[in-house]
Every structure is written in structure tokens, then in C-alpha cells.
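S.K.: Below is the structure I would like to discuss, written out as C-alpha cells.
The values are calculated or read from the model by the stated rules, or taken from the named source; none is laboratory data. All values reported here derive from a predicted model rather than from experimental measurement. Backbone-built Cβ (ideal geometry, glycine too); neighbour counts: all protein chains shown. The accessibility values were calculated without ligands, DNA or RNA, using every heavy atom of the protein model including side chains. Shrake-Rupley method; radii C 1.70, N 1.55, O 1.52, S 1.80 Å.
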Amino acid sequence: MRHLKAVVLEAIILAIAGLLLALAANALSPRGLRLARDYFPGGPSAPINATHSTDSLVLRLQQHGLKLALSNEVAQLFRGPGYEQGLIVFVDARNDSAYQSGHVPGAWQLDRYRPENYLPTVFPACSVAQKIIVYCTGGSCEDSEFAAMMLRDAGIPNENIVVYGGGITEWTNALPFEVGARGSGQIIEPKR
Amino acid sequence: MITTATQAIPATRHRLGDIAALAARWVLGVLFIYMGLSKVLHPVEFLKLVRQYNVTDQHLLLNLISAGLPWFEIFCGLLLVLGIAVRGAALLLVAMLIPFTALILQRALGIHEAQRIAFCAIKFDCGCGAGEVLICRKLIENTLLTIAAAWLMFWRQHLLALRPGLFPQRP
């Protein structure tokens, strides 16, 4: 009994020390999370067994007051004159490495988990655009929805924003994509 | 001659136990350090995975778990590898592994029910730090780790340990 008490006491001391060290390490880490930030605003928790059909995506977007853009609509916008004029803007809501490995040509990056690094450059482009297409990986990825809400909260009119549900996965199967930095000129033709 | 032999058997057993405890400490320690590091390097991915478990709707608590847990795992792993406060660290591992395993099981049962997939064919990224895993295998692995950690809580002699207990041990 005495042995067990000592073990429990030791564990409590370690738990307190470990928790303090963990929080300090997170605060010091350049990749650390911001504890006070709501990374998933305005929405319920992710459903455990979500089926990621288009219908469920449309419903989810409607809950957030957002509209879905399908692949043919997005392709049309990409090929239209507005794209060259900067009136059609693509926003990639993924992180640096995903963006660098392939994005819609000319898309602006908005890693929604670190908006302070991206919003100052993305916002001016979006504020003059007539249509903003936000995307992420596609499938179960929700980052495009949250990035769209972030743009709306920053002052971009909601009617200008659409979410491309197919994401980069669908895009790279049918349309050319750019690798490296924005405007790198390294255009790769579709996979099929 | 007989007396010497009977004395030697418990001593050998003890020695084997010490070696097994050292192996258990190192395996558990290295595993927890590795799992923790893989989450620390991709905190956002881990945050998304933790959210999938629906453990809380409070964003502060969700962030605390996602930000703190990986570092805490590294901390416990280091304690075991270095042999510091081994029994307390082992208890913390048990206290982490049991709810982790229960949550994984709960989520796997949910998927099993919703998608009608054979239980042992269910595969998902449990947020454990090793990517997508077959759930039966993960549950067995976690059970073995829990048993090993629980055993370490009661083993008193530790080889190559800097400070096995925070408090002086009584015979």
C-alpha cells in the first residue's frame, strides 16, 4: 500500500512537471499551436463516421452560409478571361509543403492555421476579385471551408466566395497545376 | 552445494527480471519519444485527428490536448529511457494508454457500425503518430504496452537508471 502511494505521488509530481514543460515547449516551438485560438469556429465537432459525399458537403457548407463549386464550374472560371485579369482568384488553404508540391496555377496560399502569415497578401487580391474559389485537398478536408469563413470574417463579401469541394486531388487529375512558389512558371500537365 | 544452487536460482531470475525491465523501459521510452516527435513536427495534423474523436467542443481544451500531449509523451519517454522516476512514469503511461485505447476502440466500433466493415479490416489514422493503422493490430499493441508499463510500476530494481525513484526506496 505504501509502495502504491509513493508511485501515485511520484506520478502526480511528474504529471505537473510534464504538463508545465509541455506547455512551455509548445509556446517556444515555431510550429506550436495557439492555445486561445478557435481553429474550428462556428461549427460542431467533426462527425466520427462522416461520409464525405457531395450531399453532406453541400449541407455542411449551407450550415456555414457557403456555396459549393463543382469541377466544371471551376474549370470554366479558370479558362475564362477573368482569371487573367485577377477577377477570378484561387485560394489554396493547405500548408506550405502541400502548396509547394502542387497548386492551381497562380493560386494564393492561405494556411488557415497561420493566417497572420498569409492574410496580409491574400486579402488585397481577394478584395478586388469578383469570384474567389477556395480549395484544399478535397475529400474529407475541411480547411477550405474554414479558410472561406476566415476571408468572409475579414470583410470579403460572402456572395463572392465559393468552396471547391473536389480540391487539388480532383484538379490535378484534369487540369494543369503549378509546383513551387506562386508564379514559378513550373506548370505540370494533368495526371491523366 | 545444494544450498548454493537454490540461492542462485532466485538471483538469476532477478537478474533476468532486471534485464526485462530495462528492455521494457527502453522499448516504451523510445516508442513514446518517436510517437511524440512525429506529432510535435505536425501539430496541426494532430489537432485535426484529436478533433475527430469528439472528446470536447471546447476549443481551449482541444488545443491543450493537441499541444500538450505530444510533448508530454516525449517527457515520459525520456524519463523511461534515462531511468528517472521509472514507476511514476510507468503509471503515467498506463493512465494515458487506457483512455487512448478506449477512444480508438469506440471510434472503430462506430466505423464498424456505420460502414459495415469487418472489425479487423478497419484502418484509420488514430493520431498515435504512426499514420494509418489496422485497428485490431493497434489494440493488441496498446494492450501489450499497457501490460509492460503496468509491470514496470511494480519492478523495483532498474539497471542503467539515473534515478529510479524520486523518493528513497525502503526495503
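S.K.: Is it the case that some residue within the stretch B:76-93 is within 11 Å of chain A (Cβ to nearest Cβ), of a type in the set (Val, Ile, Thr) and open to solvent by less than 20 Å² (accessible area, probe 1.4 Å)?
M.R.: Yes - at least one qualifying residue is present in the stretch B:76-93.
S.K.: Right, another one. Filter the stretch B:126-142 down to the residues that are open to solvent by 50 Å² or more (accessible area, probe 1.4 Å) and either within 14 Å of another protein chain (Cβ to nearest Cβ) or of a type in the set (Ser, Thr, Tyr) (or both) and list them by number.
M.R.: Within the stretch B:126-142, just B:Glu132 meets the criteria.
S.K.: So which of B:Gly83, B:Gly88 is small (Gly, Ala, Ser), within 17 Å of A:Ala22 (Cβ to Cβ) and in contact (Cβ under 8 Å) with a residue 12 or more places away in the chain?
M.R.: Result: B:Gly88 is the single residue among B:Gly83, B:Gly88 that is small (Gly, Ala, Ser), within 17 Å of A:Ala22 (Cβ to Cβ) and in contact (Cβ under 8 Å) with a residue 12 or more places away in the chain.
S.K.: Kindly evaluate B:Arg87 against the criterion of being assigned to a helix (DSSP H, G or I), in contact with a Gly (Cβ under 7 Å, 6 or more places away or on another chain) and more than 28 Å from A:Leu33 (Cα to Cα).
M.R.: For B:Arg87, the condition - assigned to a helix (DSSP H, G or I), in contact with a Gly (Cβ under 7 Å, 6 or more places away or on another chain) and more than 28 Å from A:Leu33 (Cα to Cα) - is met.
S.K.: Identify, from the list B:Ser38, B:Ser66, the residue that is of a type outside the set (Val, Ile, Thr) and surrounded by fewer than 18 Cβ atoms within 10 Å (Cβ to Cβ).
M.R.: After applying the criteria, what remains is B:Ser38.
S.K.: A follow-up question, please. Enumerate the pairs (first residue in the stretch A:150-175 and within 30 Å of A:Ile187 (Cα to Cα) and touching a residue at least 40 places away in the same chain (Cβ under 8 Å); second residue anywhere and of a type in the set (Lys, Arg) and assigned to a loop (DSSP other than H, G, I, E, B)) with beta-carbon separation below 7 Å, excluding pairs fewer than 6 apart on the same chain, so at least 6 apart or on different chains.
M.R.: Filtered contacts from the stretch A:150-175: A:Met150/A:Arg112; A:Thr172/A:Lys191.
S.K.: If you don't mind, another one. Name the residues in the stretch A:130-169 that are in contact with a Leu (Cβ under 6 Å, 6 or more places away or on another chain) and part of a loop (DSSP other than H, G, I, E, B), would you?
M.R.: Correct list: A:Gln130, A:Gly165.
S.K.: Let me ask something else. Return yes when B:Ile111 is more than 18 Å from B:Phe32 (Cα to Cα), modelled with pLDDT under 95 and surrounded by 17 or more Cβ atoms within 10 Å (Cβ to Cβ) and no when it is not.
M.R.: Yes.
S.K.: Go through the stretch A:173-186 and give me each residue that's outside any loop (DSSP other than H, G, I, E, B), modelled with pLDDT of 95 or more and either open to solvent by 50 Å² or more (accessible area, probe 1.4 Å) or not charged (D, E, K, R) (or both).
M.R.: If the condition is that a residue be outside any loop (DSSP other than H, G, I, E, B), modelled with pLDDT of 95 or more and either open to solvent by 50 Å² or more (accessible area, probe 1.4 Å) or not charged (D, E, K, R) (or both), then A:Phe177 is the only one that fits.
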